[in-house]
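To start, the structure under review is shown below, and the notes come after it.
The values are calculated or read from the model by the stated rules, or taken from the named source; none is laboratory data. Just so it is clear, the structure is predicted and the values come from calculations on it, not from any experiment. We work out accessible area using only protein heavy atoms, side chains counted, and drop any ligands, DNA or RNA first. Shrake-Rupley method; radii C 1.70, N 1.55, O 1.52, S 1.80 Å.
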Amino acid sequence: MIETLLRHWGSLASRERRMVLGAFVVITIALLYLLAFEPAWKANRKLAAELPVLRAQAAQLGALASEARRLSAVPRASESAQALQAALSASTQAAGFGAALAELKRDGALFELRFAGVPHEAWLLWLDATLRQTRLRVLDLSIVRAGGPGVVDVKLVLESPARPGR
């Protein structure tokens, strides 16, 4: 097949060869434009049109995230110190730490808890769930290894976040 093309190419006059080469160059440029340049150009124009909308959405998401962080730090209006203390007591009972809770005392917006001989992993899971539920913050924490493996004694001070307007 290639031999046939080369024979045919050799039989062409030089003017015809220039015309075939010119047509080949024009077709190559057209294909390059249609396959590479035009799709990239259209995609660029489309993205340029979408960019302001995406930036506005990103700004809105940032504002919503800031508001969510601000609101998550504020306790619900119905949460009094007594209600938080009752919630802490109930959550320790529900987690099975009732017997291990050596002390739960309140001083204003601070809650001090002392646990004796609790499984560390279970206690960490309880702490995570309690902080999410009550929106309290850890102010001070002391963990000391107790008797067996994975058993600890814990002293924990939690703080109720300040309410807006205080």
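Note on Lys105: lysines with a C-alpha under 25 Å away, same-chain residues under 8 apart excluded, are Lys155.
Which one of Ala13, Ala68, Ala30 has the biggest mean-square fluctuation once the chain is modelled by GNM with Cα springs under 10 Å? With Cα springs under 10 Å in the chain, the top fluctuation among Ala13, Ala68, Ala30 is at Ala13. When the Gaussian network model of the chain links Cα atoms closer than 10 Å, the mean-square fluctuations of Ala146, Ala43, Ala83 top out at Ala43. Here the accessible area is traced with a 1.4 Å probe on the protein chains. For the stretch 28-166, carbon and sulfur cover 60 percent of it. A 1.4 Å probe run over the protein chains yields, for the stretch 1-160, 71 Å² of accessible area per residue, whole-number rounding. Of all aspartates and glutamates in the structure, those lying under 15 Å Cα to Cα from Lys46, and not within fewer than 8 positions of it along the same chain, are Glu38.
If you run the Gaussian network model on the chain, springs between alpha carbon atoms under 10 Å, then out of Leu88, Leu47, Leu156 the most flexible one is Leu47.
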